[in-house]
1. Summing Lys, Arg as +1 and Asp, Glu as -1, what charge do residues with Cβ under 12 Å from the Cβ of Ser191 carry, Ser191 excluded?
2. Send over a whole-number figure in Å² for the accessible area per residue of the chain, probe 1.4 Å.
3. Using a 1.4 Å probe on the protein heavy atoms, what percent of the accessible area of the range 1-96 belongs to carbon and sulfur?
4. Which longest run of the chain has no exposed loop site in it, a site being GluC sites (Glu not before Pro) in a DSSP loop with at most 10 other beta carbons within 10 Å, and the site itself not part of the run?
5. Search the structure for amide H atoms under 5 Å from the amide H of Arg146, placed 1.01 Å from N in the peptide plane, and list their residues when 5 or more places away or on another chain.
6. Do you know the relative contact order of the chain, to the nearest whole percent, from alpha carbon pairs under 8 angstrom that are 6+ apart?
7. Strictly over 24 Å apart at the Cα level, which of Lys16/Lys43; Lys8/Lys38; Lys17/Lys62; Lys31/Lys62 would you flag in this model?
8. Return the sequence-ordered ³J(HN,Hα) values of the range 46-55 in whole Hz as given by the Karplus equation 6.51 cos²θ - 1.76 cosθ + 1.60 applied to θ = phi - 60°, using x for Gly and Pro.
Amino acid sequence: MISKAKIKFIRALEHKKARKEEGLFVAEGPKVVGDLMKVASPKIIVATDQWLGEQGDVLENKGIEIIPVCQEELAKVSFLQHPQQVLAVFNRNLSNYGDCLCNGGALLPALQLEGSNSLAIALDSVQDPGNLGTIIRIADWFGIERIYCSSDTVDAWNPKVVQATMGSIARVKISYCNLHDLLDEIESYNSSLSSSGKRFPVYGTLLDGKDITTQPLENHGLVIMGNEGNGISPDIAARVSHKLLIPNYPKGRETADSLNVAIATAITCFALRR
């Protein structure tokens, strides 16, 4: 049985302020919780007897507070319309996350410029939790291990974001930073190279870009994606070295004003990985 105080404590983690103060976030469902448990132990598990029974000895001797509940009790603490057997509370300081603003040469070493296959994503004021969660899932699918978020991008530890990742949040490194600092470091790195050095391109999808299907693309670089309503901010767009356009078909046909940012991210990542 779960106490009212514990329900209140976990429900408070729906809010960014509480998540930051406590250093915790909530994950739900066997898939998401299971993937996160591969990289970190939760502090609290609230789960049905069925789920707990399936774990065997996995949870023993790990210092986890385990609270068995019935489905009705789980519904009282869950953020989902249809709770999925287990809810877990994790520390935010997982090894794949970065809370602090990155500066002073901290970004590119983290990016590591991992050979010819090093791709990273930068998000400029993405606001919708579902979009961020889907982008994290897309990054995982295409082997992109790092996402840099502007300070006004939605919190990656929001329960809706965590759920939308479907477990991919356990495998993608996420940092919040000043995107201008990141771009400064990339420009400095590129300037330091000899004429034969392999530069780190900065891609962005923009209405004045060139058709992505006709452009020579590298399998490495930084992909910047913008806000749902306004796209990439003008000051960041001015620093994009490779401006790309995802064309509609057939050309000249009246169509939607724009693509959803997560869909645009998937198309761009596929084009670069191709």
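The values are calculated or read from the model by the stated rules, or taken from the named source; none is laboratory data. These figures come from a predicted structure and were not determined experimentally. Using ideal geometry, Cβ is built from the backbone for each residue, glycine included, and neighbour counts are taken over all protein chains shown. In case anyone asks, the SASA skips ligands and DNA or RNA and just uses the protein heavy atoms, side chains included. Shrake-Rupley method; radii C 1.70, N 1.55, O 1.52, S 1.80 Å.
1. Working: positive: Arg199; negative: Asp184, Glu185, Glu187.
Charge balance in the 12 Å sphere: -2.
2. Details: 13600 Å² over 274 residues.
That works out to 50 Å² per residue.
3. Details: 2600 of 5290 Å².
Whole-percent figure for carbon plus sulfur exposure: 49.
4. Details: sites that count: Glu60, Glu254.
In the chain, the maximal stretch lacking such sites is 61-253.
5. When sequence neighbours closer than 5 places are left aside, the close amide H contacts are Ile121, Lys173.
6. Working: 489 pairs, mean separation 52.8, N = 274.
After rounding, I find 19 percent.
7. Distance filter (> 24 Å) returns Lys8/Lys38; Lys17/Lys62.
8. Here the 3J(HN,Hα) series is 10, 8, 6, 4, 4, 5, 4, x, 6, 7 Hz.
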